[in-house]
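Colleague: Below is the structure I would like to discuss, written out as structure tokens.
Laboratory data are not the source of any read-out in this text; all were calculated from the coordinates shown. Predicted model, so just to flag it, every value in this text is computed and none were measured. Neighbour counts are summed over all protein chains in view; Cβ atoms, including those assigned to glycine, are modelled from backbone coordinates with ideal geometry.
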Amino acid sequence: MPQAEADSRPAAQARLEPLSFGDLDSWKDDDHAAAFRAFLRSCRALDASAAELRPAQAPERDLLAVCRTALKSPALPRDEARRFFETHFTPFAVVPPAGNGFLTGYYEPEFQGSRTPDSRYTVPLLARPDDLVTIPQGETLPGIDKGLQAARRTGQGYEPYPDRAAIEDGALGPLARPVVYLREPGEAFIIHVQGSSRIRLTDGSVMRVAYAGRNGRPYTSIGRVLVQRGEMDLESMTLAKLMGWLKDHPGPARELMRQNHSYIFFREADELAPEDGPIGGAGFPLVPGRSLAVDRQLWTYGLPFWLEGDLPLTLERSEPLRRLMIAQDTGSAIVGPARGDFFFGSGEEAGIRAGLLRHAVRFVVLKPKAR
């Protein structure tokens, strides 16, 4: 094995430096049984060639072979699970040009909503329109810029799909089919960013909504725009503070949210049990604290990643992050070889912690050993 192995895809722009498990800080202290359970979810999907919600790099033969071995053991105690990863994988530090990886957090928000509109519930989440065509990764369509990941099918061919502002102004016409209605535009926007939600309906029941597609336009962080404008400072920004700003400044908030041209469509996820996490890009429910969103153009779902850094508890306090996570999701803002999004779970507490996480983190990918 060379001292520094370059990723085979030039876009990765990172070195993969081989390590030993002894090089991983507090490796033996993690709950590898929990990581193994999350890994099994990926293995079941890979073994069944299940459809991915947002396709990533195709799995390598060696990863599929490891998965077949893992599936023979539906559960492993903590120490045996650790030995499983040590036996079948080799750790590599992912070293990007900047020298550090970067980790953010996300969660499944919960808001109040209604299946029918009224004076209080006026903001719709829309279902996937029939004319939306998702462009497979690495492919293009005639007349569509390579930077766009979706198109609109017309009688004359394809055209770029409308951006957020155009959709909000009615560009979809009768193809705009609401799934549910919310109270605030900022609540809908947060659901667009997170990709899923629990909606507590007026009758007391809970509805789950899941990602069903996007207009393929580039994503822009409105938090970053606010910082650039001097409205907030990065160090003290939280999700609650951002949502408060959106609610208190409805006019400027509408213009700000339209800076993000990306628009997400949803479906009702009535197949999910209450204890299930939302459905990730790999096509199955996520695991709080173990599911990691990665750049799907660079990585395969199912790859284990060891993360070293800090997890914030409050703005002032944090706890060490030394954890094995599994690549099971992706996101429009998750771009780069050492860029990840940590899934915290569902509800308000998960949202608070997710909003605090914007930290430099060491990324170590566990690559399957050659068979």
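Colleague: Quote to one decimal, in nm, the extra length available between Glu235 and Asp248 on full extension: 0.36 nm per residue of separation minus the C-alpha distance between them.
Modeller: 2.6 nm
Colleague: Along Cα→Cβ, 7 Å out, is where each label goes; now give me the distance between the ones at Arg83 and Ala273 in nm to one decimal.
Modeller: Using points 7 Å along Cα→Cβ, the separation is 3.1 nm.
Colleague: Taking the dipole about the Cα centre of segment 186-253, with the C-beta of Lys and Arg at +1 and of Asp and Glu at -1, give me whichever of Gly230, Ala210, Ser197 is farthest to the positive side.
Modeller: Of the options given, the answer is Ala210.
Colleague: Could I ask something else about it? How long is the gain from Gln137 to Thr202 if the chain were fully straight, where each residue apart is worth 0.36 nm and the alpha carbon distance is subtracted?
Modeller: Answer, rounded to one decimal: 19.4 nm.
Colleague: Size of the dipole of the chain about the Cα centre, Lys and Arg at +1 and Asp and Glu at -1 on the beta carbon, nothing else charged, in debye to 20?
Modeller: Here the size comes out at about 580 debye.
Colleague: If I model a spin label at Ser119 and Arg224 as a point 7 Å from the Cα along the Cα→Cβ vector, what separation in nanometres do I get?
Modeller: In this crude label model, Ser119 to Arg224 measures out at 4.2 nm.
Colleague: Let me ask another. Under a Cβ-only charge scheme (Lys and Arg +1, Asp and Glu -1), can you give me the dipole magnitude of segment 21-111 about the Cα centre, in debye to the nearest 20?
Modeller: 380 debye
Colleague: I've got another one for you. Per DSSP H run of at least 4 residues, take -39500 (n - 2.57); add these up for the chain, divide by its residues and hand me the 222 nm value, nearest 500 deg cm²/dmol.
Modeller: After summing the helix terms and dividing by the residues of the chain, the value is -7000 deg cm²/dmol.
Colleague: For Trp299, list long-range residues whose amide hydrogen, built 1.01 Å from N in the peptide plane, is under 5 Å from its own amide hydrogen.
Modeller: Gln57
Colleague: Full extension from Arg183 to Lys146: what is 0.36 nm times the residue separation minus their Cα-Cα distance, to one decimal in nm?
Modeller: In short, 9.7 nm is gained.
Colleague: Another question, if that's okay. Which value in nm describes the separation of the simple spin-label points at Ala51 and Arg68, placed 7 Å from the Cα toward the beta carbon?
Modeller: Between Ala51 and Arg68, the label points sit 2.6 nm apart.
Colleague: Around Phe21, with a cut-off of 12 angstrom between Cβ atoms, what is the net charge of the other residues, counting Lys and Arg +1 and Asp and Glu -1?
Modeller: -1
Colleague: Phe89's amide H: which non-local residues (gap 5+, or another chain) put their own amide H closer than 5 Å, with H modeled 1.01 Å from N in plane and none for Pro or chain starts?
Modeller: Lys369
Colleague: Just to be sure I understand: of the beta bridges DSSP finds with both ends in the chain, what percent are antiparallel, rounded to 5?
Modeller: Looking only at bridges with both residues in the chain, the antiparallel portion is about 80 percent.
Colleague: Assigning unit charges at the beta carbon (Lys, Arg +1; Asp, Glu -1) and nothing else, what dipole magnitude in debye, to the nearest 20, does segment 231-312 show about its Cα centre?
Modeller: Computed about the Cα centre, the dipole is about 260 debye.
Colleague: Next question. Could you tell me what % of all Cα pairs in the chain have separations over 39 Å?
Modeller: Here the tail beyond 39 Å accounts for 16 percent of pairs.
Colleague: If Lys and Arg each add +1 and Asp and Glu each add -1, what is the summed charge of the other residues whose beta carbon sits under 10 Å from the beta carbon of His261?
Modeller: For residues surrounding His261, the net value is +2.
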